[in-house]
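Inspection log for the structure reproduced underneath, given as structure tokens.
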Amino acid sequence: MITSIQGTLVEATPLVAVVEVNGLGYEVNVPVTTAERLPARGGTVKLHTWVVYREDAQTLYGFASAAERDFFRLLVEKVTGVGPKVALSIMSRLSLPMLQSAIAGGDVATLAKCPGIGRKTAERLIIELKGRFAPAAAATAMAGSPSGASPGQEIAHHQRDAVMSLIALGYKAADADKSVRQAWIALGPEATTEQLIKKALG
């Protein structure tokens, strides 16, 4: 199993990255949320990958973090009716923190707006995955950061809080999530919730 790939980014679109490693070019399907974080062409990139084997094809899927790859795998392996294409579409619409929050909170409306899934699939997704993200949702409901949170948890916490603040201001969930993602890319992982909000509104 290929769990990661690191090399030179030679081509990129919103859904595909071509990574060259030792003279071989690997076509990697990526969600928009990963494509947003790719370096410029010619730069070095590392993607956390998962391979889907079919009788007529072997398809490589790549993600900016291992957590995103693992979530993609959960969608494909655990949710009835969700294949790789639909899972990629879902992860292109919303960031991982927002998807986890929507699942933990039973937010069918937000999930149903992802391309490729309707209300029934959104409900099934919540039923089959909700228990896996309940602790994270509880942590983010607290006013402060969870005690002893890892850097990754801190980042997700700030992103979720910023998105929720924009939603409270009248933004649609997907638009708020996209604005915060772009703000996080511009400011970097050290950005606070307040800085993300300010940049997203700016």
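Every read-out reported here was derived from the displayed coordinates using simple, explicitly stated rules and does not represent laboratory data. From a predicted model like this one, the values you see are computed outputs, not experimental measurements. Reconstructed Cβ throughout: ideal geometry from the backbone, glycine too, with neighbour counts over all protein chains shown.
When the chain is treated as a Gaussian network with alpha carbon springs shorter than 10 Å, the biggest mean-square fluctuation among G170, G116, G83 belongs to G170. For the chain, modelled as a GNM with alpha-carbon contacts under 10 angstrom, which of R41, R181, R54 fluctuates the most? The residue with the greatest mean-square fluctuation here is R54. Within the chain, the longest run free of exposed loop sites, counting GluC sites (Glu not before Pro) that sit outside DSSP helix and strand states (H, G, I, E, B) and have at most 11 other Cβ atoms within 10 Å, spans 56-189. In straight-distance terms, cross-link reach from K199 covers every one of the lysines whose alpha-carbon lies under 29 Å from its own, apart from those fewer than eight places away in the same chain; here that gives K46, K113, K172, K178.
Near K199, once Lys and Arg are set to +1 and Asp and Glu to -1 for all other residues with Cβ below 15 Å from its Cβ, the sum equals -3. Residues considered: G62, G23, G42. Largest GNM mean-square fluctuation over the chain, using C-alpha springs under 10 Å, is found at G23. A Cβ-based charge dipole, computed about the Cα centre of the chain with Lys and Arg at +1 and Asp and Glu at -1, lands at about 400 debye. Distance between the pseudo-spin-label points of A174 and K46 (7 Å out from Cα toward the beta carbon): 3.3 nm.
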